[in-house]
Amino acid sequence: MRQLLLLRHAKSSWDDPALPDHARPLNARGKRAAGAMARVMRDLGLAPDVVLVSSARRTLQTLEAFGPLPDSPIILPMDDLYLAPWTRMLELVRGVPETARSVLLIAHNPGLHDLALALAGPGGMATASGQRLAAAYPTCGLAEFSVALPWQKLDGGGGRLVRFLPPADLPEMAG
C-alpha cells in the first residue's frame, strides 16, 4: 500500500501588494500552522520518500517549516505545480518512481482541493473526513490517502481518504 499526502501551503502574506504572487512569503500565522502540522506529521509517523513541491515561495517556506524530514526524502521543487490544475498534479504524481512508498505533494488551491476530491471519489465523501474535505481545503490542511495502485495508474477514485486535518483542529492553532 502506498501513501499520498496532500498539503496545501500555509497562509501567505499580502502585506506587499507590489510583490508578484509567486514570491509571496508566509505570514506569522502560516509559519505557526506549518510548524504545528509538521509536529503532527511526525507524531503520526508520516514520513515521505518523495516531496513534490511548487516552486512558489510560500510552498517552499511551508516545506522549510517542517525542518529536516525523516529519512532525507527526495525533494523536487517544480514550476509545473504552481497554480496547476488537478489533472497536471495527478500527472506529476504518476511520474514518481514506483519504489516510493509515500509521497508528499505541497501545492495550491483550487487544484489541490480538486485533486483530493477526485482521488476520494464519490464514495470517499460519505465519511466525516470526506464531508469536511468536500466543504473546504484551508491553508496548511493535510489530506492523507492510501493508494493500492502503482503511481503510474493512479486516477480518480484511486485513493482512500485516511484522514483530513485542517490546522484549526490542531491544539496550537485553536482559537
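The values are calculated or read from the model by the stated rules, or taken from the named source; none is laboratory data. Being a predicted model, the structure only gives us computed values, none of them experimental. Heads up, the Cβs are rebuilt from the backbone with ideal geometry, glycines too, and the neighbour counts pull from every protein chain shown.
Here are some notes:
- Odd one out for D49 among (1) in contact (Cβ under 8 Å) with a residue 24 or more places away in the chain; (2) over 13 Å from the mean Cα position of the chain (by Cα); (3) surrounded by fewer than 19 Cβ atoms within 10 Å (Cβ to Cβ): (3)
- Helices (runs of 4 or more DSSP H) fully within the range 62-137 counting 2 or more residues that are modelled with pLDDT of 95 or more and of a type in the set (D, E, K, R): 86-94
- Number of positions in the range 1-31 that are over 15 Å from I106 (Cβ atoms), hydroxyl-bearing (S, T, Y) and in a strand (DSSP E or B): 0
- Scanning the range 106-142 for residues that are over 20 Å from G95 (Cβ atoms) and aliphatic (A, V, I, L, M) turns up L117, A120, M125, A126, A128, L133, A134, A135, A136, L142.
- Unique match (being without any contact (Cβ under 8 Å) to a residue 40 or more places away in the chain, within 25 Å of D79 (Cβ to Cβ) and touching a Leu at 6+ places or on another chain (Cβ under 8 Å)) among G157, G111: G111
- Contacts under 6 angstrom Cβ, first residue in the range 19-45 being touching a residue at least 24 places away in the same chain (Cβ under 8 Å), partner buried (at least 18 other Cβ atoms within 10 Å of the Cβ) and of a type in the set (V, I, T), 6 or more apart: A34/T62
- The range 77-135, residues that are in contact with a Ser or Thr (Cβ under 9 Å, 6 or more places away or on another chain) and charged (D, E, K, R): D79, D80, D114
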